1. On the basis of being of a type in the set (Phe, Trp, Tyr) and within 21 Å of A:Met31 (Cα to Cα), does B:Phe59 make the cut?
2. With of a type outside the set (Asp, Glu), away from chain B (no Cβ under 14 Å) and touching a residue at least 40 places away in the same chain (Cβ under 8 Å) as the only criterion, which of A:Gln409, A:Gln467 stands out?
3. Has segment A:422-432 got at least one residue that is open to solvent by less than 20 Å² (accessible area, probe 1.4 Å), within 21 Å of the chain's Cα centre (by Cα) and modelled with pLDDT under 85?
4. Tell me which of these A:Met447 doesn't satisfy, since it passes every other one: (1) in a loop (DSSP other than H, G, I, E, B); (2) over 30 Å from A:Val334 (Cα atoms); (3) in contact (Cβ under 8 Å) with a residue 40 or more places away in the chain.
5. Could you check A:Ala209 against (1) open to solvent by less than 10 Å² (accessible area, probe 1.4 Å); (2) farther than 30 Å from A:Ile378 by Cα; (3) small (Gly, Ala, Ser) and say which number it fails?
6. Name every residue in segment B:20-64 that is within 23 Å of A:Thr317 (Cα to Cα) and more than 7 Å from chain A (Cβ to nearest Cβ), in order of residue number.
7. For segment B:145-160, which positions are open to solvent by 30 Å² or more (accessible area, probe 1.4 Å) and either within 14 Å of B:Val93 (Cβ to Cβ) or not in a helix (DSSP H, G or I) (or both)?
8. Of all residues being without any contact (Cβ under 8 Å) to a residue 40 or more places away in the chain and within 22 Å of B:Tyr79 (Cβ to Cβ) in segment A:1-17, which is most open to solvent (accessible area, probe 1.4 Å)? Just the residue, please.
Amino acid sequence: MTDPQVAVAMLGIFIFIILLGFPIAFTLMAMGIIFGYYAYFDADRMWMPYTRALQQDADTFTLIQNYIGGFFNNRVFDLFVNQTYSVMANDVLTAVPLFLFMGYVVERANIVDRLFQTLSVTTRRLPGSMAVAALITCALFATATGIVGAVVTLMGLLAFPAMLKARYDTSLAAGVICAGGTLGILIPPSIMLIVYAATSGVSIVRLYAGALLPGFLLAGMYLVYVVIRAMLQPQLAPKPEKLGDDVTVFQVIWMLLTSFFPLAFLIVAVLGAILFGFATPSEAAAIGALGGLLLAMAYRALTWKRLQESVYLTVKTTAMVCWLFVGSWVFASVFSYLGGEHLVSEFVQGLDLTPLQFLLLAQLIIFLLGWPLEWSEIIIIFVPIFLPLLPMFDIDPLFFGILIALNLQTSFLTPPMAMSAYYLKGIAPPHVRLTQIFAGSLPYVGMVFLAMIILYNVPAIIYYLPQLVYGR
Amino acid sequence: MQRYIHFADTVSAWFGKAFAWCVVLMTLAVSYEVVVRYAFRAPTVWAFDLTYIMYGTLFMMAGAYTLSRDGHVRGDFLYRLWSERTQAKVELVLYFLFFFPGVLALIFAGWKYASRSWRYLEVSNMSPANVPIYQFKTVIIAAGILLVMQGIAQVFRCIITIRTGEWPPHAQDVQELEEILQKEGAEALRHGSEAVDIVEPKEPRR
């Protein structure tokens, strides 16, 4: 077997092991070591001390020592530890625990019910008002926390029964919550974009600037869809019986001031600091976490127990993401040393694709990977296979990354691993069927594709902000 | 075996949780840096190094803790469909093939790497503050040792499961908010059973 063939075998075995369900980070590490040992095997170099000792007529003990030591002289060990250290000292990934911490603190700050109530009162005159309020709450809360499961579950407990009680259509209500909660991985400051930045080397600041308008575009499309649907089919979203006319404008403003604005301000401050270069993403994340703590304190929700929980959950999730990086970087460098990367690019070149065809193929593969896998695995392990191919087709990794971020929205909504739908199903009243939830989410999958087509044709939506702020 | 599992879980959790507080230190230290930079125009020289050292230590030391609570991602869409005994059998083999080689190499390679650094008491070259980083490189070894210890506990877990037919329960631990709230509908989170549910609606749960 030639080296590139070994590399292909390595990829094949890896995919097989993933299917068996073993923790992916350690599989990657071990496969990197095993195949790397083969790739870097160099008998002359490894047993040089032994040969030298032999020539110098050293005693038997030294000979045995050097002979055994030879097995450990493989350069793969240096590669392994260097890659590990570069994850440990990565200045982009430092933002991951900080943003997670901010998310967990905000999640536990008792803010979401206040927010939803305020917004339902504020939007009460719109068609489908509760769905609109739920969508905005989801989007804002998801942006601040970035934890999809928590947003969907909390809103599923709060807004979903409220909508069902108001005789909203089950599918419509379910779709709003599933799709709205998923926006958190797209709209900055999102952790997924940090991870993509660390994988691709695109500046995280430009990614955030680029993702902002597409995020608003998608959220806006969701909103317009809900309003139009409610206008065309009023029976799906009946107007509330009590319009709440007794609520004065002053009261509404006060409610907004105490629930909507503090959270919005926190997000805007964090994002603004990053985009205008006042602070690095890690610094902004730290300030955001501090702001989250203050916010929780202001809502009298900051207890010692909650702080502890937030800290421990942060460390578990950070370890999950970062160990995946350790494994992936070891695996990827061995894979490309064996010539696997070259083989892939030759293969793709042989397909003779146009850039558009390549883009479609890549996004289709990522979409399909999103069925069984989650975003962290896709971005850290599979996206690096596409990245070296981008220059060949003259595709900007920034543009590619934003499309992926949009695309991965669907991974939460499409079975068999539609996490958003499962979270909602888990807490929904028993008569709500999973099929109803899927049916409700389907239009949003369609809208994600539509948004991707729009972005392909009008890339200015992505580039407008980065160019405005950084001039390139 | 039970006692060893309990011991390993406790030690991993202790280290993971102790170093978890680095995130609070990070939050405070970095916020302090931003404040003094803008309010007093006196940026610190140490904040940058401190940030990545704490971040690196935090996630490396928590690797074993996350493993003990089954927190590392796995592509489990097939895995969930198997019986617990089958899961354990497959996992037992895979631990020896695809877990121990990696983490043992981590200890060995980390040892060479860190001892070189200790020899000249290496300091960071990212900033003029001369922040020492040899202790930071030692974290690699410590993380590897914790992982091997926890890995042995996981192997024991598999053996117990093969004998009894069900996974021994995990120790009490913090849970994601959705997990707490989902207690009632925990069954729904097992996607395997859900997939059946789409085709053939089951009786309403309660």
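1. Answer is no for this residue.
2. A:Gln409
3. Checked against the condition, which is being open to solvent by less than 20 Å² (accessible area, probe 1.4 Å), within 21 Å of the chain's Cα centre (by Cα) and modelled with pLDDT under 85, segment A:422-432 yields at least one hit.
4. Failing condition for A:Met447: (1).
5. Evaluating A:Ala209 over (1) open to solvent by less than 10 Å² (accessible area, probe 1.4 Å); (2) farther than 30 Å from A:Ile378 by Cα; (3) small (Gly, Ala, Ser) leaves (2) as the failure.
6. B:Cys22, B:Leu25, B:Leu28, B:Ala29, B:Phe48, B:Asp49, B:Leu50, B:Ile53, B:Met54, B:Thr57, B:Met61, B:Ala64 - these are the residues of segment B:20-64 that are within 23 Å of A:Thr317 (Cα to Cα) and more than 7 Å from chain A (Cβ to nearest Cβ).
7. Answer for segment B:145-160, where residues must be open to solvent by 30 Å² or more (accessible area, probe 1.4 Å) and either within 14 Å of B:Val93 (Cβ to Cβ) or not in a helix (DSSP H, G or I) (or both): just B:Ile159.
8. Applying the filter and picking the extreme gives A:Phe16.
The values are calculated or read from the model by the stated rules, or taken from the named source; none is laboratory data. Remember, it's a predicted structure, so these values are computed and weren't measured experimentally. Positions of Cβ are generated from backbone atoms using ideal geometry, with glycine treated the same way; all protein chains shown enter the neighbour counts. Just the protein is used for accessible areas: all its heavy atoms, side chains included, with ligands, DNA and RNA removed. Shrake-Rupley method; radii C 1.70, N 1.55, O 1.52, S 1.80 Å.
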